[in-house]
Amino acid sequence: MTPSPFSAVPGLLHGADYNPDQWLDRPDILARDIELMKKARVNCVSLGIFSWSALEPEEGVFRFEWMDRVIDSLYDAGISVDLATPSGARPAWLAEKYPEVLRVDREGRRHAFGGRHNHCLTSPVYRQKTALIDGMLAKRYGGHPGVVLWHIGNEFSGDCYCPLCKNAFREWLKKKYGTVEELNRRWWTSFWSHTYSSFDQVDPPSPLGETSIPSMQVDWRRFSTDQCASFIRNERKALRQYAPQPATINMMWSFLDYDYAVLAREVDFVSWDCYPRLKSGNNLMVLSEACMNHDYMRSLKDAPFLMMESTPSKVNWHTVNQLKRPGMHLTSSLLSVFCGSEGVMYFQWRKGRGGSEAFHGAVVGHDGREDTRVFRDVAHTGEMLEKLSSLKGAPVDPARVLILWDQQSRWCACFAQTGLGGRMDPLPVLQSHYLALFKKGVRVDLKGMDADLKSYDLVVCPETFQFREGFAERLRDYVRSGGHLFHTCFGGVVDGDDLCWLGPTPHGLTDVLGVRDPDLDALYPEEEVCIRLEDGQCFRVDQICEYPEEVTAPRILGVYDSDFMKGTPAFTYAPFGAGGAWYLAARPEQKGLDAVYGRILEALGIRGVWPRPLPEGVAALGRGQMVLVANLSGADASLGLEFPLTDLLTGAPVPDPLPANACAVIRKEDLKHA
Ligand code: GLA
Ligand code: ZN
C-alpha cells in the first residue's frame, strides 16, 4: 500500500487558507494568528497561494525571509503547511514586461492586468517564470519538516485565444488527426461548406467565428484540458527536483471547463473547494449535491481526498450570502469527511481589511476575537475531528452503485443543439439520480466511461449521450456476466468524435435493453406528461422524454399515461445473460425517480447504511467503523430509535428527535442491534 499523502499530519486535517502576506507590517497580528490557530485546533494551513508579489517584488529580486519566519513559527506551534506555488495570480511587473502572459478572450481581446486565474496557459514566459519561482520555493522549503503538502496554483479554469494558444491548438490537431482530410471527416465539416484545406485555417471556436461544429468544440475543451495538464506538469517538475511532498490542485464544483479525470492524473491526491448554497430550512438537496461532488472527487483516484476550502460562515459571491445556521457548520463539515475527505479546510483564516474578499467569511473576523459564534463553531469542529481521528485513511463504505459522470459525454450533450436548445447538460439529471440514492443512504461512486465496471452491482447511465468506441461492448459484457444496468433517455447517441452513431439507438444496446429509441421529445414547462408505474403511482416528466419505437423487453414496469403516447412503455426491464437492464424513457420529477430507484434497489437487494428507511431529510453515510447521521431537513426529525445509541461526538445518547442541522456519529457495531 502506498503511504497516505496526509500521513505527515497526525489526525484529520483542520485549517485554512492563510494570507500573512497581507499583514507583513503587523507582527502582532501574525503572533496572534498562531495563538488563535492553536485554540481553533488548526493543524495545517495553506500558505502562499497569492504571494508572488511578496516573494518576488521585482523581476529576479526574491524575498523569502517573511515566509521563513511564518513557516518556522507555524512549525514551532505544531502547525503544518500546505505550501502553494503562486501561479494563481501574477505581479504587475510580470504583466507589464511580458504581455503575452495575459489571456486573450473569445472575442480576441487581450485583457489588461488585474484579477487572477487569468493567465495564458501556453505562454512560454509564464511557464518559465512559474517554474523559476516554484523551483526556488522547492529548494528552500522542500526539506522543511513543517511543509507537508504542495498546492499548485489555484482553481485552474478557463481558456485563452491568443496567437500562442491558437498555434498550440493547430499543433494538437495535427498530432491527433495527421491530415486535414481526416480532421474534416471527423469534424463533419462538409456541413455548411466549412471544409478546411489547411490546419492553419482552423481557429478556436468563437462567437465571432465557428460555433457550428460541435466536434470542434469538444476538441477545444480536450485541448484546453491538455494545456492545463501540461502547465501543471511543468510546475510539478520544478517542485520535484527538490521537494518530495505530495502535490495537489484545488478543483471546483461541477466544473465544465476541463476534464478532471485527466487532471487528476497529474497530482498525488485530489482536493477541491466546496461552497454549497446553504439556506435556512431544508438543505437536503443542496448538501446532496455537495456530497455528489465529494464522491466524484473521491472516485477520481479511488482514494481519500481533501476538502481544501469551505466557508466557516458564508461566502461573498452567492446571490444571497447567508450565514450558516447553528449546527450546520459541523454537519456540513462531517458530511465531507464521511464522503472520504481527510480533513476540513477553510477559506479563509482571517478577513483582510480590503480587497474583494474582505467580507467573505473567515475563522477570524475584523474584530480579531475568539468569542464569536464562527470561531466557536470552528474550534468545536476541530475538537470533533480530533475525536474522529481514527477515520484518517479509513475507506468509505464500498459503493455497489456506479453513476456515470463522464465529462466528455457531458461536453457533447452540452454542445448538442436539440431538445432544450443547447441546455442538455446532464448535470441536473446526475444530481437527481444521486439524490434518490442519497435519500436512501446508499453509497455511490461517480466515474467516467473508462471505469472498471466489474465491482458494481448497478451501473447507471443517466443521459450518457456519448458512447465512445468499445463502451457499449463493455456494458454488454458487464450485463451478460451478471451486472445490472440502468439506462435512461438521451443515451448512446454519439461516438468518440461526437458524430452520431448510425443504426438504432442506444448504440449497441437495443437488444440488451429490449428497447429501440426514437427521436427525443421536449415539453414546455407548462405541459404535463405523466408516467404510471405498475402499482398505479403516477409522476410527471420533467421536460425531456422519448417514446420507444419498439419494445421487446419482457417486463413493462411503467407506461406513459397522457398525451398521444398514452400506453407506450416508459420504464422497462429486460434480463440479458446473467444480468439485466432497466430503461427509463424520460427525465422524471424527483418523486418519480425515487420510486423507480425504490424498485431497482429492492430487486438487487441493495440497502442503505441506515438499518431502516431514513426519515425525510435525513442523510446517513458510512466510513470505517462509523456512521454519520445528519438532519438536513431544516426541522426536528424523529429517528424512531427503539433504544439509545451513543453519539461518539458527545458521548451522550443520540438525541431523538435529532434537531435541525444536527448530526451524530454512531459505531456500526451499535447500529447492528438497532
Ligand atoms: C475560491 C478560491 C479562494 C477564494 C474562495 C472564496 O474557492 O480558491 O481563493 O476566492 O473561492 O469563496
Ligand atoms: Zn494564450
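To the nearest 0.05, how large is the calculated FRET efficiency for GLN201 and SER230 if R₀ is 22 Å and r is the Cβ-Cβ distance?
The formula returns an efficiency of 0.35 here.
At a threshold of 8 angstrom on Cα-Cα distance, excluding pairs fewer than six apart, so keeping six or more, what relative contact order does the range 492-603 reach in percent? Numbers along the way, then the final one.
Details: 202 pairs, mean separation 25.4, N = 112.
Computed over the range 492-603, the figure is 23 percent.
Within the set of other residues whose C-beta is less than 14 Å from the C-beta of ASP519, count the net charge using Lys and Arg as +1 and Asp and Glu as -1.
Computed value for this residue: -4.
Using modelled amide H (1.01 Å from N, peptide plane; none on Pro or chain starts), what sits under 5 Å from the amide H of VAL147, excluding residues fewer than 5 places away?
Distant-sequence amide H within range of VAL147: VAL81.
Given H placed 1.01 Å from N in the peptide plane, which residues other than close sequence neighbours of THR464 have an amide H under 5 Å from its amide H?
THR488, GLY492
Quick one: what are the phi-derived ³J(HN,Hα) couplings along the range 556-567, Karplus 6.51/-1.76/1.60 with θ = phi - 60°, whole Hz, x for glycine and proline?
9, 9, x, 10, 5, 10, 8, 6, 5, 9, 3, x
How far apart, in nanometres, would the label points at ASP519 and LYS39 be if each is projected 7 angstrom from Cα along the Cα-to-Cβ direction?
Reported label-point gap for ASP519 and LYS39 is 6.8 nm.
So if each residue of separation counts as 0.36 nm, and I subtract the Cα-Cα distance between SER356 and TRP253, what length gain in nm does that give?
In short, 35.0 nm is gained.
About the Cα centre of the range 386-517, what is the dipole size in debye to 20, counting +1 per Lys and Arg Cβ and -1 per Asp and Glu Cβ, all else neutral?
Charge dipole, the range 386-517, about its Cα centre: 580 debye, nearest 20.
So if I place +1 on the C-beta of Lys and Arg and -1 on the C-beta of Asp and Glu, and nothing else carries charge, what would the dipole magnitude of the chain be about its Cα centre? I want it in debye, nearest 20.
Its charge dipole is roughly 1240 debye.
Report the label-to-label distance for ALA112 and LEU502 in nanometres (one decimal), using points 7 Å from each Cα along the Cα→Cβ vector.
Label-label distance for ALA112 and LEU502, simple model: 5.5 nm.
If a helix is a whole DSSP H run, which ones in the chain reach 18 Å or further along their own axis (Cα) and hold a mean Kyte-Doolittle hydropathy of at least 0.0?
Qualifying helices, which must be both long enough and hydrophobic enough, are 284-301, 590-604.
Determine the per residue accessible area of the range 252-388 with all protein chains present and a 1.4 angstrom probe, expressed in square angstrom.
Numbers: 4650 Å² over 137 residues.
So the range 252-388 comes to 34 Å² accessible per residue, rounded to a whole number.
Can you tell me the length gained on complete extension of the stretch VAL286 to SER562, counting 0.36 nm per residue apart and subtracting the Cα distance? Write down the numbers at each step before the final one.
Details: separation 276, 0.36 × 276 = 99.36 nm, distance 3.20 nm.
Contour length minus the Cα-Cα distance gives 96.2 nm.
How much FRET efficiency would the formula 1/(1 + (r/R0)^6) give for GLU534 and LYS591, where r is the Cβ-Cβ distance and R0 is 25 Å, rounded to 0.05?
My answer for the efficiency is 0.95.
Using the charge dipole of the range 102-205 (Lys, Arg: +1 at Cβ; Asp, Glu: -1 at Cβ; taken about the Cα centre), state which of SER198, HIS111, SER123 has its Cα farthest towards the positive end.
Working it through, the farthest residue towards the positive pole turns out to be SER123.
Let's see if you can work this out: charge +1 on each Lys and Arg Cβ, -1 on each Asp and Glu Cβ, no other charges. What is the dipole magnitude of the range 401-604 about its Cα centre, in debye to the nearest 20?
For the range 401-604, the charge dipole is close to 660 debye.
So for the pair MET136, LYS175, with labels modelled 7 Å out along Cα→Cβ, what separation do we get in nm?
Inter-label distance under the simple model: 3.0 nm.
How large is the accessible surface per residue of the range 618-671, computed with a 1.4 Å probe and reported in Å² as a whole number?
So the range 618-671 comes to 37 Å² accessible per residue, rounded to a whole number.
Of GLY624, CYS663, SER638, which is farthest towards the positive pole of the range 618-671's charge dipole, taken about the Cα centre with +1 and -1 on the beta-carbons of Lys, Arg and Asp, Glu respectively?
GLY624
Per residue, how large is the accessible surface of the range 436-551? Use a 1.4 angstrom probe and give square angstrom.
38 Å²
Just to confirm the filter: which trypsin sites (Lys or Arg not before Pro) across the range 523-586 are DSSP coil and have at most 15 other Cβ within 10 angstrom of their Cβ?
Counting only loop positions with at most 15 other Cβ atoms within 10 Å, the trypsin sites (Lys or Arg not before Pro) in the range 523-586 are LYS566.
Specify whether the C-alpha gyration tensor of the range 401-604 places it in the rounded, prolate or oblate class, a ≥ b ≥ c being the square roots of the eigenvalues: rounded for a/c under 1.5, otherwise prolate if a/b is larger than b/c and oblate if not.
rounded
Just need the relative contact order of the chain here, percent rounded to a whole number, with Cα pairs under 8 Å and 6+ apart.
Relative contact order here is 11 percent.
Given a Förster distance of 25 Å, report the FRET efficiency between LYS387 and ASP268 from their Cβ-Cβ distance, rounded to the nearest 0.05. Working shown, then result.
Working: r = 28 Å, r/R0 = 1.10.
Efficiency, from the Cβ-Cβ distance: 0.35.
Please give the length that would be gained between ASP371 and ALA77 if that part of the chain were fully extended, namely 0.36 nm times their separation in residues minus their C-alpha to C-alpha distance (nm, one decimal). Before the final figure, lay out the partial values.
Numbers: separation 294, 0.36 × 294 = 105.84 nm, distance 2.15 nm.
103.7 nm is the gain from fully extending ASP371 to ALA77.
At a 1.4 Å probe radius, carbon and sulfur cover how many percent of the accessible area of the chain?
Numbers: 13550 of 26180 Å².
Of the solvent-accessible surface of the chain, carbon and sulfur hold 52 percent.
What percent antiparallel are the DSSP beta bridges of the chain, to the nearest 5?
Rounded to the nearest five, the antiparallel share is 50 percent.
Hey, what number do you get for the chain at 222 nm if only DSSP H runs of n ≥ 4 count, each worth -39500 (n - 2.57), divided across all residues, to the nearest 500?
-9500 deg cm²/dmol
The values are calculated or read from the model by the stated rules, or taken from the named source; none is laboratory data. The shown structure was predicted, so the numbers you read here are calculated from the model rather than taken from an experiment. Note that we place each Cβ from the backbone using ideal geometry, even for glycine, and neighbour counts take in every protein chain shown. Keep in mind that these areas ignore ligands, DNA and RNA; they rest on the heavy atoms of the full protein, side chains included. Shrake-Rupley method; radii C 1.70, N 1.55, O 1.52, S 1.80 Å.
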